[in-house]
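The values are calculated or read from the model by the stated rules, or taken from the named source; none is laboratory data. Because the structure is predicted, anything quoted here is derived from the model rather than measured. Cβ coordinates were reconstructed from backbone atoms using ideal geometry, including for glycine residues, and neighbour counts include every protein chain displayed.
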Amino acid sequence: MSLNKNILGLIFANMHEDVVPELTRQRTMGSVLFGGRYRMIDFVLSSMTNSGVDEVGVVTKSNYQSLLDHLGSGREWDMARKIGGLHLLPPFSDVSSGIYRGRLEALYGISNFIRASAAEYVIMSDCDVVTSFDYDAIFDAHVKSGADITAVYARANLTMEDASHSNVFGIDADGRVNNVLINPVLSGECNIALNTYVISKKLLMEIIADGAAKGHYSFAKTILQDRCGEFKIVGYKHEGYFSKITSIKSYYDANMALLDLDKRSKLFLDTNPIYTKIRDNPPAKFAIGAKVKNSIIADGCIIEGTVENSILFRGVKVGKDAVIRNAIVMQDSVIGRKCTIDSVITDKKVTITDGKILTGSANYPVYIGKNAEI
Amino acid sequence: MSLNKNILGLIFANMHEDVVPELTRQRTMGSVLFGGRYRMIDFVLSSMTNSGVDEVGVVTKSNYQSLLDHLGSGREWDMARKIGGLHLLPPFSDVSSGIYRGRLEALYGISNFIRASAAEYVIMSDCDVVTSFDYDAIFDAHVKSGADITAVYARANLTMEDASHSNVFGIDADGRVNNVLINPVLSGECNIALNTYVISKKLLMEIIADGAAKGHYSFAKTILQDRCGEFKIVGYKHEGYFSKITSIKSYYDANMALLDLDKRSKLFLDTNPIYTKIRDNPPAKFAIGAKVKNSIIADGCIIEGTVENSILFRGVKVGKDAVIRNAIVMQDSVIGRKCTIDSVITDKKVTITDGKILTGSANYPVYIGKNAEI
Amino acid sequence: MYTKKECVAMLLAGGQGSRLYALTQDMAKPAVPYGGKYRIIDFPLSNCVNSGIDTVGVLTQYQPLVLNDYIGNGQPWDLDKQYGGAHCLPPYQTALGAEWYKGTANAIYQNIAFVDRYSPEYVIILSGDHIYKMDYNDMIQYHKEKGADATIAVLDVPLEEASRFGIMITNDEGDIVDFEEKPKNPRSTLASMGIYVFTWSKLRQYLIDNENNPDEDKDFGKAIIPNMLNAKEKLVAYAFDGYWKDVGTLDSLWEANMDILNPNIPIDLYDPDWKMYSRNPVLPPQYIGENANVENSMVAEGCIIDGNIDFSVIFEGVTIEKGATVTDSIIMPGSVIKEGACVEYAIVGENSTIGAGAHIGARPEAVENRDDWGIAVIGHNVNIEGGRVVGPKDMVPDIRKK
Amino acid sequence: MYTKKECVAMLLAGGQGSRLYALTQDMAKPAVPYGGKYRIIDFPLSNCVNSGIDTVGVLTQYQPLVLNDYIGNGQPWDLDKQYGGAHCLPPYQTALGAEWYKGTANAIYQNIAFVDRYSPEYVIILSGDHIYKMDYNDMIQYHKEKGADATIAVLDVPLEEASRFGIMITNDEGDIVDFEEKPKNPRSTLASMGIYVFTWSKLRQYLIDNENNPDEDKDFGKAIIPNMLNAKEKLVAYAFDGYWKDVGTLDSLWEANMDILNPNIPIDLYDPDWKMYSRNPVLPPQYIGENANVENSMVAEGCIIDGNIDFSVIFEGVTIEKGATVTDSIIMPGSVIKEGACVEYAIVGENSTIGAGAHIGARPEAVENRDDWGIAVIGHNVNIEGGRVVGPKDMVPDIRKK
């Protein structure tokens, strides 16, 4: 009746942290804040909930306390289940797990967990893509194509910068992946890997054992790239709206894209809600003198100034006569009276004292670290 | 109205693993099985629940996957709370946390967590004592005595072997700890430390910062022992029934002690239930020919043979004409037909094939490792 | 997650179970303990979960406190879903007035709004009175394959028992052509198990029509099924051949417990592929003492057993003292059988005490006239003084209740 | 954990709220939305949690489906305790028959068994109709210090309003010496807030006596309190001086919402030390568009605002299109205000649509005769066609409901 018990979801929370080093200094990629109230992991985890994948392991490596706090028991994603549900897989939790160098080694560390699952198939995803995946459709395509591995990609234009933090697939007329480029030097329209794979548990366990025996640690290199002739790796083209985070600039743009109502509605589908941790904030409050245009405002904000083309996370306070433009202001930050901030990203709990002026540019937004007081 | 929000509980799940190395090869001290259906952590965690300590951090280091599985969201201990509740504190989860050498260093690793708590006091406990602590009373005594640190102890007879894995307090007429012996060479009646401390959060944070600055890592050595003149360390004498695990022999004896109805009733108090993970087993089934005497039988067992002076964990199967004596049989083990096992400890999922005979002695029980088939 | 549900289960749990007398003084029948740690309602609930049905409305009316608390948020059955899950549905008051459930069909009628929230294709109607393991999904698949409007689960019963049931008369394709409630001369041996799958849009209309017709009974067996047959809807029979027991009487409740102890009867509670879930007590494991003899029996957590037990089902937290004997009996949670007492062919309710040397029930062969024999029943919270004799067929209710 | 509870709260949430008309057609009054994301019942529930009371019986009767689902297992308020927590208590049937709640006292009487399970020293009786923040623990402490049998929370009201309330007459020590229900000539200005702390053993007996006296009303104000006064029990008044609002009428519901927008009124929802909990919607954050002007207002998650909002409370998932104007109004979840529509001094229920160019309500100064003015109300699920005018004081209910 549903996919229940047949698919194990694996989410790699620490992968790709190098693309936004500022944001991941004290957190995993999965716990990077996004879009006013979310963390990056919400998108992939909610997609799993919405597709009926209800047994999920989250693989972590370091700096994952904020992720633990965010996920809690998994209740918000309906993953606080008795049968299946959410499992955290931190390093050193098992005799075989430690600080891994790549996906293959990380999988080796959790091989007991995978073995114990009753699932026949495994879906693996990272936390660097903002989108709503339809795992149902991906899984159906995997079964139908008879692939060993189904690799999800999207067709998109890449800049040189994007490409240097992405993998790109060559795909033949039959949809098979016949070439894998890892962090290539190129630009233009291509098949960009979304770091999402379907594979049978049986084959995955073989690959893991083989990788461990040979000292291999990179899934992309030693499985996808080196063995794409040997395995039947089939591409699945993801058609929905997506943003892949490859740099602080692309992170900024991906946030700002939500100000486009059309893109917003393609990401937040009625049929695929995006769940996140509950904070019990009151609604946003607009005081006398508030002027807000073309902005996303999360719950718990109190706004007395001007906000334009910006994204305000939960609990942000904007003082009288302050002006915020083209900015991302993360939760519980306080922008004082008569401040002007333009093209700025503030991390959590930043305080900008009265009258300060901070200006970046759209292609190089200024980043202010967590808890900073300016 | 209750202790809520005022006390933070900290449980150290990995400490003292060296005393039962067989049992902790693939698990923490906290997840060592005990008494037919429990794990060691159940005793201290249930005591916290029963005393109204509802914000608890569990500090882990390695091999803690079974502990994660056991605790889940903490629901069974009523710790799946929205406010407070159970927090797992694994290594590398925070920038400051890693593989620690002692309690003081472990505390340093979780200092962000302690700082973020609204509690004024901290109760620390390990998982090597089987007892029902009354933290209410211990806390009241701490406040009343004006102690810097309250250290819980029991008056008991120690063998040389016990003492070499215990700390012993010297206590003066006013109840102050004036001497701390770490793993001493002695025997006889003495004040044995139960590794349970109450301290104000403020002082604890000072001690942690000081320890980090000086490179100290042992709480017992550099705080209790070296500074017991400087700090007011007051002993609290625990009067309830207890067993402290100091060796595989004492582990065996502590289990067997539950066959004494008087001791059993002192450990399992109506007012202080011991919670544990739910398994959804049917009740134990006694077939034709079953002969059970003086034994503890957990749910899900199916018994067709003879069981005497033994402890059977959940889901154990005892075949026809098998004889089990003076044994601890852990969960899901299968004892075949016509086997005889005497003075044996089997770990989880051990299979003893038909007709085998295994015999240890009460002072040197034979241990059979997890998943072994004999 | 916020998509529609293929099938919603509606579980009729309002039954007073008056034929269980002393055991249902202050709890509804589905809350009656069974099988050493379960309550009757665990069976349909666990069946739902094991069949992949995650949305269950539990219709309660009679003494719902025990049942509401037992079900709670459905977590013990993994039915605490954010969308779906288990929901207790008591009768309620509207702007138009207040109404108790007037029958099985009316109970569903009053909760049409609940079902509509999930826009299901199908609804399965269950009862909280039966002990059985069944994959409802198989039945729903059958309903779909047959293109039926209603599918009724049937059991082939011995002809001599058929007149106790609602009997379905089917044609060669398995379509139901006629239905007779407790017929004197049954034309078939296919007895309705009280489990129905309906295409929701159909049932919804029949419920509304039934409600608007004041002359009709508000009941599935008496009105909805006959009405659908008259209107030539497609009703099919789904044959079930597993273990199924209606525990509507004290004798059948006792038998259903004894059945678990019989290895030849297919109600295996230990099957890992079809787990029965229940709310688990917080108790230490049982202790079997030096003087105990326990055979052919089930004993649950927290028991302290130092007496003799044979062919019996002992629930959690029971104490059986040295020299006491319990045979062919059911002892419900928390009861105490004192030294030297003898309990045979009896049901002892929750938290009761059988005093030292008391004698409850008797073996059938110990009674001269077979008609005088029956299961002896001690209600919940009853204290039987030492030495008292409670004969076979006798019943001692909780006198504190009015 | 399995020790007794010092105090259990019993929350009377059965009120139909008939004076809220179109807003309570299919939900009980305590479930009515308030304050941009809350429902009225969030206030007493959050007060309980913040006061350290973790056991709450919620007495439901009228249209409980919305309320039961909203409360669920109590998790949003951290009231999903293994022992204690929030429990919905509908009326039920016993072996003696079935009874609806016949009054506030009878509702508690029928649930004596629920309260007894926790053997509390005290019981606090709350109502689901009031907006206020109050530390019940302070009141319980006062009850204990005074050695009272019953403590009634009172508010000092203006003399001219006193005749709308139950009025307590106290002596110098704060003991209640007399009580008058809605007196014409009030002898005091201490109005009962409908919040009572009772010593449970006392109340339990008065409830039983009240039930056994067929001539008496089954109500706290009309029977229990006068009976206790007559019997010379110690009743004391507990003075409360914070914000408190009975939202029993449309005007008071509207006012209570407007009060949140007024910085001079002490009902701060943003206070981190007294958080108000509620069930949170799963929606993206709100978007404020290029053409929007939003001042003096609260706007919740999931809204898309491209129009003008002033002095208004906008619940989650509301769309206000370009050129639409909402002033001095309350727009409940999921409603849509189309282009160019104007909503003033109005309440729009859940999931309703105000068509393009429609005009709902009017400013008081726009009406010649002040008596013709009042809040306009659009019920839930109502579709107002484009261009339609709904005058002040008008009400448009959900016509799908009978």
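Remarks
- D:LEU253 meets all of the listed conditions (1) in contact (Cβ under 8 Å) with a residue 12 or more places away in the chain; (2) over 30 Å from D:VAL313 (Cβ atoms) but one, namely (2).
- From B:ASP262, B:ASP354, B:ASP342, residue being out of contact with any Phe, Trp or Tyr (no Cβ under 8 Å at 6 or more places or on another chain), away from every other protein chain (no Cβ under 11 Å), without any contact (Cβ under 8 Å) to a residue 12 or more places away in the chain and over 26 Å from B:GLY74 (Cβ atoms): B:ASP262
- Selection within segment C:279-315 - among the aromatic types (Phe, Trp, Tyr) and assigned to a strand (DSSP E or B): C:TYR287
- Yes/no for B:ASP136 being surrounded by fewer than 19 Cβ atoms within 10 Å (Cβ to Cβ) and touching a Leu at 6+ places or on another chain (Cβ under 8 Å): yes
- Index of the failed condition, C:ILE125 passing every other in (1) at pLDDT below 90; (2) in contact with a Phe, Trp or Tyr (Cβ under 7 Å, 6 or more places away or on another chain); (3) of a type outside the set (Phe, Trp, Tyr): (1)
- Condition met for D:ALA237 (buried (at least 22 other Cβ atoms within 10 Å of the Cβ) and farther than 26 Å from D:LYS4 by Cβ): yes
- Scanning segment C:322-333 for residues that are small (Gly, Ala, Ser) and either buried (at least 20 other Cβ atoms within 10 Å of the Cβ) or assigned to a strand (DSSP E or B) (or both) yields C:ALA324, C:SER329.
- Positions within segment B:274-303 being crowded, with 18+ Cβ neighbours inside 10 Å, of a type outside the set (A, V, I, L, M), in contact with an Asp or Glu (Cβ under 8 Å, 6 or more places away or on another chain) and more than 24 Å from B:ASP253 (Cα to Cα), in sequence order: B:ASN281, B:PRO282, B:PRO283, B:PHE286
- When each of B:GLY57, B:GLY36, B:GLY52, B:GLY74 is tested for being farther than 25 Å from B:ILE223 by Cα and within 12 Å of chain A (Cβ to nearest Cβ), the lone residue that passes is B:GLY74.
- Any hit, segment C:108-123, residues being within 9 Å of another protein chain (Cβ to nearest Cβ) and either under 20 Å from the mean Cα position of the chain (by Cα) or in a helix (DSSP H, G or I) (or both): yes
- Segment A:26-58, subset at pLDDT below 90 and surrounded by fewer than 23 Cβ atoms within 10 Å (Cβ to Cβ), residue farthest from A:LYS244 (Cα to Cα): A:GLY52
- When segment B:183-203 is filtered for residues that are part of a helix (DSSP H, G or I), out of contact with any helix residue (DSSP H, G or I) (no Cβ under 9 Å at 6 or more places or on another chain) and surrounded by 14 or more Cβ atoms within 10 Å (Cβ to Cβ), only B:LEU203 remains.
- Residue match in segment B:138-149 (condition: of a type in the set (S, T, N, Q), touching a helix residue (DSSP H, G or I) at 6+ places or on another chain (Cβ under 9 Å) and at negative phi): no
- In segment A:180-199, residue farthest from the chain's Cα centre (by Cα) [restricted to those that are among the polar types (S, T, N, Q) and more than 25 Å from A:SER132 (Cβ to Cβ)]: A:SER187
- Subset of segment D:162-195 [under 23 Å from the mean Cα position of the chain (by Cα), in contact (Cβ under 8 Å) with a residue 60 or more places away in the chain and more than 15 Å from D:TRP244 (Cα to Cα)]: D:MET168
- Filter pass, C:GLY52 being under 13 Å from the mean Cα position of the chain (by Cα), surrounded by fewer than 24 Cβ atoms within 10 Å (Cβ to Cβ) and either among the hydrophobic types (A, V, I, L, M, F, W, C) or away from chain B (no Cβ under 14 Å) (or both): no
- Residue check, C:GLU161 assigned to a helix (DSSP H, G or I) and either at pLDDT below 95 or touching a helix residue (DSSP H, G or I) at 6+ places or on another chain (Cβ under 6 Å) (or both): yes
- Note on segment B:267-301: residues that are more than 7 Å from chain C (Cβ to nearest Cβ), over 21 Å from C:LEU269 (Cβ atoms), in contact with a strand residue (DSSP E or B) (Cβ under 9 Å, 6 or more places away or on another chain) and free of Cβ contacts under 8 Å to residues at least 40 places away in the same chain amount to 1.
- Every residue from segment C:378-390 that is in contact with a strand residue (DSSP E or B) (Cβ under 7 Å, 6 or more places away or on another chain) and either over 17 Å from C:VAL336 (Cβ atoms) or small (Gly, Ala, Ser) (or both): C:GLY379, C:VAL389
- For segment A:14-56, the set of residues classified as touching a Phe, Trp or Tyr at 6+ places or on another chain (Cβ under 6 Å) and not aliphatic (A, V, I, L, M) consists of A:GLU22, A:THR28, A:GLY36, A:SER46, A:SER47, A:THR49, A:SER51, listed by residue number.
Residue-wise test of (1) at pLDDT below 95; (2) more than 25 Å from the chain's Cα centre (by Cα).
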| position | (1), (2) |
| --- | --- |
| C:GLY323 | no, yes |
| C:SER335 | no, no |
| C:GLY340 | no, yes |
| C:ALA358 | no, yes |
| C:VAL396 | yes, no |
| C:LYS401 | yes, no |
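- The residues of segment D:279-303 that are under 22 Å from A:TYR275 (Cα atoms) and within 7 Å of chain A (Cβ to nearest Cβ), listed by number, are D:ASN280, D:VAL282, D:PRO284, D:PRO285, D:GLN286, D:TYR287, D:ILE288, D:VAL299, D:ALA300, D:GLU301.
- All of (1) in a strand (DSSP E or B); (2) at pLDDT 95 or above; (3) aliphatic (A, V, I, L, M) hold for B:VAL180 with one exception: (2).
- Options B:GLU206, B:GLU161: the member that is surrounded by fewer than 22 Cβ atoms within 10 Å (Cβ to Cβ) and under 21 Å from the mean Cα position of the chain (by Cα): B:GLU161
- Elements of the type helices (runs of 4 or more DSSP H) sitting completely within segment B:38-154 and holding at least 2 residues that are among the aromatic types (Phe, Trp, Tyr): these cover B:135-145.
- Scope segment A:92-103; condition surrounded by fewer than 23 Cβ atoms within 10 Å (Cβ to Cβ) and either in contact (Cβ under 8 Å) with a residue 60 or more places away in the chain or touching a Ser or Thr at 6+ places or on another chain (Cβ under 7 Å) (or both); matching residues: A:PHE92, A:SER96, A:TYR100, A:ARG101, A:GLY102
- Some residue of segment B:246-257 being assigned by TED's automatic domain parsing to the domain that holds B:VAL130, modelled with pLDDT of 90 or more, over 18 Å from B:ILE192 (Cα atoms) and of a type in the set (Gly, Ala, Ser): yes
- Flag if A:ILE311 is crowded, with 20+ Cβ neighbours inside 10 Å and under 19 Å from D:GLN286 (Cβ atoms): yes
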